[in-house]
Amino acid sequence: MDGDELARALAVVGPRLRALRRERGSTLARLAERTGISVSTLSRLESGRRRPTLELLLPLARAYGVRLDELVGAPETGDPRVHQRPVTRNGATLVPLTRYVGGPHACKQILPPGYGGPGHPEQRVHEGYEWLYVLSGRLRLTLGAHDLVLTAGEVAEFDTRTPHGFATVGEQPVEFLTLFGPQGERPQLRARPARES
């Protein structure tokens, strides 16, 4: 890698870090607590005024649950497979199906029986737009004042600035696919090929 290639690779690290932090709904202060990196250093990294080092990137990759090569935009190896590394949070398993930072993401989510509790699931809001497709089980989606139960083959899409929460219904786990756009990108669905003129 020559000097120009290295400079280009390092120049994308800051925007990737900022996009990842915003996608996760975190603040610089919360990230500083999790990583032990000062707020000012994190701010300078995101703005490109601080050169990223391994000592800084490793704790950030760990905090975000991503591979180091996702942060630095490592060159493709020619292998098109996405090596899935499931992440489990609060009992839910998330399997990333895309491997880049920023832009729309695809993932598979698995919620165990009893997820979300017996009452009204906790709702949250964040920037973005989400599309989901239920593969198996029964998924309870609370979306603002709406309380819906989705079954295999059903689809929902919504602006994630609307309060929303998930829960399982019944004794089976729920598996569903999601497409999420952190900046509000909406999936473009096409039912049939466009006609040629």
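The values are calculated or read from the model by the stated rules, or taken from the named source; none is laboratory data. If you're wondering where the values come from, they're calculated on a predicted model, not measured in any experiment. Neighbour counts run over all protein chains shown; Cβ positions are idealised from the backbone, glycine included. What goes into the accessible areas is simple: the full protein's heavy atoms, side chains included, and nothing from ligands, DNA or RNA. Shrake-Rupley method; radii C 1.70, N 1.55, O 1.52, S 1.80 Å.
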Hey, among the residues in the range 109-150 that are among the basic types (Lys, Arg) and more than 17 Å from the chain's Cα centre (by Cα), which one's nearest to ALA19 (Cα to Cα)? ARG140
Contact list, first residue from the range 24-49 and in contact (Cβ under 8 Å) with a residue 24 or more places away in the chain and more than 18 Å from ARG62 (Cβ to Cβ), second anywhere and among the charged types (D, E, K, R) and part of a helix (DSSP H, G or I), beta-carbon distance below 9 Å, six or more apart or interchain, is SER47/ARG18
Which listed residue, of LEU57, LEU20, is open to solvent by less than 30 Å² (accessible area, probe 1.4 Å) and under 20 Å from PRO104 (Cβ atoms): LEU20
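Specify which of the listed residues (GLN183, GLN172) is in a loop (DSSP other than H, G, I, E, B) and at pLDDT below 60.
Details: GLN172 fails: at pLDDT below 60.
The match here is GLN183.
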Do any helices (runs of 4 or more DSSP H) entirely within the range 1-72 hold 3 or more residues that are touching a helix residue (DSSP H, G or I) at 6+ places or on another chain (Cβ under 7 Å) and under 22 Å from GLU127 (Cβ atoms), and if so, which? 13-23, 28-35, 39-47, 54-64
Under 7 Å by Cβ, and 6 or more places apart or on different chains, what pairs join a residue from the range 105-118 that is in a loop (DSSP other than H, G, I, E, B) with one that is aliphatic (A, V, I, L, M)? TYR115/ALA92; TYR115/ALA167; GLY116/ALA167; GLY117/ALA167
Given the conditions (1) modelled with pLDDT under 90; (2) surrounded by 12 or more Cβ atoms within 10 Å (Cβ to Cβ); (3) closer than 24 Å to THR178 by Cβ, every one holds for ARG124 apart from (2)
